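Report on one structure; see the data block that follows.
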Amino acid sequence: MELFDLSGKVAVVTGGTRGIGLMMARGLLQAGARVYISSRKPDACAQAATELSQYGQVTPIPADLSTEEECLRLAREIAESEQAVHVLVNNAGATWGAPLEEFPASAWDKVLDLNLKAPFFLTRAFLPLLEAAATADDPARVVNVGSIDGLHVPALPTYSYSASKAGLHHLTRVLARELGPRGITVNAVAPGPFESKMMAATLDAFGEEIAAMAPLRRIGRPDDMAGVAVYLASRAGAYVTGAVIPVDGGLGTTV
Ligand SMILES: NC(=O)c1ccc[n+]([C@@H]2O[C@H](COP(=O)([O-])OP(=O)(O)OC[C@H]3O[C@@H](n4cnc5c(N)ncnc54)[C@H](OP(=O)(O)O)[C@@H]3O)[C@@H](O)[C@H]2O)c1
C-alpha cells in the first residue's frame, strides 16, 4: 500500500465547508478517502460538497457543533451509513477579539464551546466508530486543529481564542495517552496564517507584514494544510501521537 494512500478510509471534517477545513477535506479526498463535511449552514454544506465532489465522494451533514447534543447527532447520522470512521478532523472553530476591559463573558462561552469542548465531545461521540476502524498496524486518527496562537502570545486581544487553542493542544496530549492503547492516535495541527473568512480582516490589514516576519516569507497555501492532513491520516503518520505540529512557515516557534 502506498505510504500516503487513503483509499477505503472514511474521514469526517468539521467546518469542512471553507477555509482550513475545506483545504484538508480536499487533500483527504485526493488521497482517496471518502469524506463527510459538517458545518452549521445547510447551503454552505451543499455548496462545498458540490465543489469538492470533483475530487471524490463527499457527503455534507449540517450541524451546530457548539452543543454536545449536535456532536452526538452527527456521530449517530454517520453511524447509520458507516461501520467505521478512520479519521476525525476537529477543525470547526471561532474567534473573538475585543480589548481586555470590554471582553464579554459570552466570548468565553462561544469560543470555548466550539474550539475546546466540541473536539472533546466529538472524539467521545465517535469513539465506537474510530475503534471499529483501528487495526494493530493502522490506528484510527483524531486530528485537532489548534493554532500557533496556542503556542505563543498572539498580537491581537483574542483572550478566549488563544486559551482555547492552548487547551486543545494539551487535551490532544491527554487523549493521546488514553486512546493510544485503544488504537487511536490523537494529534494537533497548529496552523499559522492561512486565507479564510476568519483571517480575512487580519490578512487584509497585516498580511504582508506577517509574511515578511515568517522565516519562510509567506502565508500558508491550501496544499500546506492538505499535506499535513494526509500525513496524519495515512500510514505515513501511523507512529505519531500526542504531537502538536506547527504548519506556519516558522512563525510560531522562531519569531
Ligand atoms: N485561518 C487561519 O489562519 C487559522 C490559523 C490558526 C488556526 N486556525 C483554525 O482553523 C480552524 C478553521 O478556521 P478557518 O480560518 O478556516 O475559519 P473559517 O473560514 O471561519 O471556517 C470555520 C468553519 O467552521 C464552521 N463553523 C463555525 N461555527 C460552527 C459551529 N458552531 N458548528 C459547526 N461548524 C461551525 C464554519 O461553517 P458555518 O459558518 O457554516 O458553521 C466553517 O466551515 C479553526 O479551528 C481556526 O481556529 C485558522
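Here are the numbers for the structure shown:
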read-out: Close pairs from segment 94-110: first within 20 Å of residue 39 (Cα to Cα), partner in a loop (DSSP other than H, G, I, E, B) and open to solvent by 50 Å² or more (accessible area, probe 1.4 Å), Cβ under 7 Å, at least 6 apart; value: 95/198; 107/96; 110/96
read-out: Answer from 95, 50, 59 - the residue that is open to solvent by 30 Å² or more (accessible area, probe 1.4 Å), among the β-branched types (Val, Ile, Thr) and in a loop (DSSP other than H, G, I, E, B); value: 95
read-out: Residue among 28, 22, 65, 3 that is surrounded by fewer than 21 Cβ atoms within 10 Å (Cβ to Cβ), hydrophobic (A, V, I, L, M, F, W, C) and either within 16 Å of the ligand (Cβ to nearest atom) or part of a loop (DSSP other than H, G, I, E, B) (or both); value: 3
read-out: Index of the failed condition, residue 85 passing every other in (1) within 15 Å of the ligand (Cβ to nearest atom); (2) crowded, with 23+ Cβ neighbours inside 10 Å; (3) closer than 20 Å to residue 24 by Cβ; value: (1)
read-out: Residue tally, condition within 12 Å of the ligand (Cβ to nearest atom), open to solvent by less than 20 Å² (accessible area, probe 1.4 Å) and among the aliphatic types (A, V, I, L, M), over segment 31-45; value: 1
read-out: Qualifying helices (runs of 4 or more DSSP H) (wholly inside segment 144-255; at least 3 residues being modelled with pLDDT of 95 or more and hydrophobic (A, V, I, L, M, F, W, C)); value: 159-179, 200-213, 222-233
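The values are calculated or read from the model by the stated rules, or taken from the named source; none is laboratory data. Bear in mind the structure is a predicted one, so any value in this text is a computation, not a measurement. So basically every Cβ, Gly included, is an ideal-geometry build from the backbone, and we count neighbours across all protein chains shown. Please note that ligands, DNA and RNA were not included when accessible areas were found on the heavy atoms of the full protein model with its side chains. Shrake-Rupley method; radii C 1.70, N 1.55, O 1.52, S 1.80 Å.
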